[in-house]
1. When only residues in the stretch A:132-182 that are outside any strand (DSSP E or B) and out of contact with any Ser or Thr (no Cβ under 9 Å at 6 or more places or on another chain) count, which is surrounded by the fewest Cβ atoms within 10 Å (Cβ to Cβ)?
2. Which ones in the stretch B:130-144 are assigned to a loop (DSSP other than H, G, I, E, B) and more than 7 Å from ligand 3 (Cβ to nearest atom)?
3. Name every residue in the stretch B:16-37 that is of a type in the set (A, V, I, L, M, F, W, C) and away from chain A (no Cβ under 11 Å), in order of residue number.
4. Could you list, in sequence order, the residues of the stretch A:83-114 that are open to solvent by 10 Å² or more (accessible area, probe 1.4 Å), without any contact (Cβ under 8 Å) to a residue 60 or more places away in the chain and within 14 Å of another protein chain (Cβ to nearest Cβ)?
5. Among the listed residues A:Ala114, A:Ala92, identify the single one that is closer than 16 Å to A:Lys265 by Cβ and among the small types (Gly, Ala, Ser).
6. Taking the condition within 15 Å of ligand 3 (Cβ to nearest atom), modelled with pLDDT of 95 or more, under 19 Å from A:Gly30 (Cα atoms) and β-branched (Val, Ile, Thr), does B:Val24 pass?
7. Which numbered condition trips up A:Ile49, out of (1) over 20 Å from B:Cys67 (Cα atoms); (2) not in a helix (DSSP H, G or I); (3) not assigned by TED's automatic domain parsing to the domain that holds A:Thr132?
8. Got a number for residues in the stretch A:62-82 being farther than 26 Å from A:Thr11 by Cβ and open to solvent by 20 Å² or more (accessible area, probe 1.4 Å)?
Amino acid sequence: MENFNYHRPATVNAAAALLKKSKGGSYMAGGHTLLPTMKQGLASPSDIIDLTAIKGFSGITIGKSAVVVKGGTTHMEVATSAAVKKAIPALAELAGKIGGVHVRHKGTIGGSIANSDPAADYPSACLGLGATIVTNKRKIPADAFFTGMFQTALKDGEIITEVSFPIPKKSSHMKFPNPASRYALVGVFVSQDAGGKVRVAVTGAGPKVFRVPDMEAALSKSFAVSALAGISAKAKGLNADMHATAEYRAHLIGVLARRAVEAAK
Amino acid sequence: MPAISMKVNGKAVSGNVENRTLLVDFIRTNLGLTGTHVGCDTSQCGACVVHIDGKAVKSCTTLAVACEGASVTTIEGIAKNGTLHPMQQAFHENHGLQCGFCTPGMIMASIDIVKRNGKKVSEEVIRRELSQNICRCTGYHNIVAAVQSAAEKM
Ligand SMILES: Cc1cc2nc3c(=O)[nH]c(=O)nc-3n(C[C@H](O)[C@H](O)[C@H](O)COP(=O)(O)OP(=O)(O)OC[C@H]3O[C@@H](n4cnc5c(N)ncnc54)[C@H](O)[C@@H]3O)c2cc1C
Ligand code: FES
Ligand code: FES
């Protein structure tokens with residue numbers, strides 16, 4: 001791992017100024033994506049700007065209609081929050097399935113979303129609940145946020161300060177983890193809002209998180225496993241690697257979507 | 001090189017490190033505490049688990065400079081006055097190790113599991129929460145038995 005300058009600013013503005021001044025710096029929150037990437041020699045930032053000392057950068061607030069998670073909140077905080085478990089149980093469950101305990105103690109929601117790993121879990125909750133990603137500059141709807149494999153709508157230097165998840169009527173998350181890495185081979189997040197509209201978001205299967213319009217339309221008419229009969233995900237364009245073929249991933253989408261609908265609460 | 005200071009196993013320590021120095025290297029090389037192991041290059045094996053401010057984390061995926069002022073506990077810091085910690089004793093009694101390479105990380109992770117889940121922690125929870133501590137020898141069975149036995153005594 002190459003050496004770098006290290007900074008630990010106390011405010012979002014100071015962090016943004018430090019990044020701007022650096023030659024090729026990077027923010028770091030939990031470091032559980034950045035440091036492994038640097039160890040592999042895939043990244044060598046000139047500066048690391050550690051966001052974890054910023055005051056008020058982590059925490060959870062539950063409003064009337066939304067759960068707001070600050071950018072630096074760890075996976076463990078979300079997984080064990082009694083308030084999240086009550087408002088959006090599937091969100092707490094999803095956070096509790098990320099990596100292992102040690103990863104959850106360090107990894108943050110902002111880092112996960114900024115990274116847009118095709119196999120990461122949080123992007124499916126963002127898209128599956130129609131979340132809003134709040135930065136130090138603007139608000140970005142989840143539908144416009146994840147633009148590609150490891151690509152997001154974030155501009156250079158933009159910092160995720162909050163993610164706001166609308167509280168649904170029902171939701172559920174199902175994950176088939178890769179047994180070695182614990183990342184999602186396929187993960188499916190399903191939600192039904194107060195008006196009955198359904199979102200189905202899939203991670204792990206394609207180059208980025210995506211929605212399944214056929215399933216959403218059928219479930220919006222009737223929120224039952226039977227509504228999914230005859231609807232299958234297409235294998236074309238899905239990921240294929242040593243762990244699973246595109247056909248297998250497509251099959252898993254159907255299985256996990258049915259299980260998610262059955263378990264939704 | 002930046003100077004850092006923190007508490008390790010209750011004692012104030014300090015040293016000079018590069019910004020890129022990982023906590024595990026500071027612990028092993030600067031402090032000579034070689035009980036904490038490095039089993040992989042990919043943040044996946046759990047051999048390097050220590051507690052920072054009471055939480056189990058991977059010291060191979062933590063910068064030493066980021067631990068300025070923190071309180072760190074390693075496997076060397078859990079026995080009290082020459083008496084093994086109940087978790088160490090339980091690994092010994094239940095034959096929860098063979099080569100011992102994964103054991104420091106297993107024990108630090110297991111103490112954290114019992115702290116968060118209590119004395120009545122189930123086998124299912126232990127297995128799930130140890131899933132990122134990899135052992136090439138034991139088949140895990142005796143490790144799980146050791147954690148359950150220690151949980152009652154902690
Ligand atoms: C062994 C292992 C298993 C894992 N398993 C899973 C899994 O099952 N599911 C899963 O989803 N993830 C998994 N992860 C990834 C983990 O959740 C990471 O912690 C997470 O993806 C990144 O969060 P971080 O806080 O560690 O980010 P960092 O590594 O600190 O940063 C990642 C990137 O995001 C940027 N960044 C960080 N915070 C912000 C912010 N607030 N605003 C803007 N940019 C920011 C950084 O500049 C960097 O480019 C795993 C990781 C490991 C090591
Ligand atoms: S050495 Fe393998 S996870 Fe730290
Ligand atoms: S006892 Fe040998 S690796 Fe676990």
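1. A:Asp156
2. Passing the criteria: B:Leu130, B:Ser131, B:Gln132, B:Asn133, B:Ile134, B:Gly139, B:Tyr140.
3. Of everything in the stretch B:16-37, those that are of a type in the set (A, V, I, L, M, F, W, C) and away from chain A (no Cβ under 11 Å) turn out to be B:Val24, B:Phe26, B:Ile27, B:Leu31, B:Leu33.
4. Scanning the stretch A:83-114 gives A:Gly96, A:Arg104, A:His105.
5. On inspection, the qualifying residue turns out to be A:Ala92.
6. Criteria not met by B:Val24.
7. Only one criterion in (1) over 20 Å from B:Cys67 (Cα atoms); (2) not in a helix (DSSP H, G or I); (3) not assigned by TED's automatic domain parsing to the domain that holds A:Thr132 is unmet by A:Ile49, namely (1).
8. Summing the residues that are farther than 26 Å from A:Thr11 by Cβ and open to solvent by 20 Å² or more (accessible area, probe 1.4 Å) in the stretch A:62-82 gives 4.
The values are calculated or read from the model by the stated rules, or taken from the named source; none is laboratory data. No experiment lies behind these values; they were computed from the predicted model shown. In this analysis, Cβ positions are derived from the backbone assuming ideal geometry, glycine residues included, and neighbour counts consider all displayed protein chains. When the accessible area is computed, the model is the full protein with side chains, heavy atoms only, and any ligands, DNA or RNA have been set aside. Shrake-Rupley method; radii C 1.70, N 1.55, O 1.52, S 1.80 Å.
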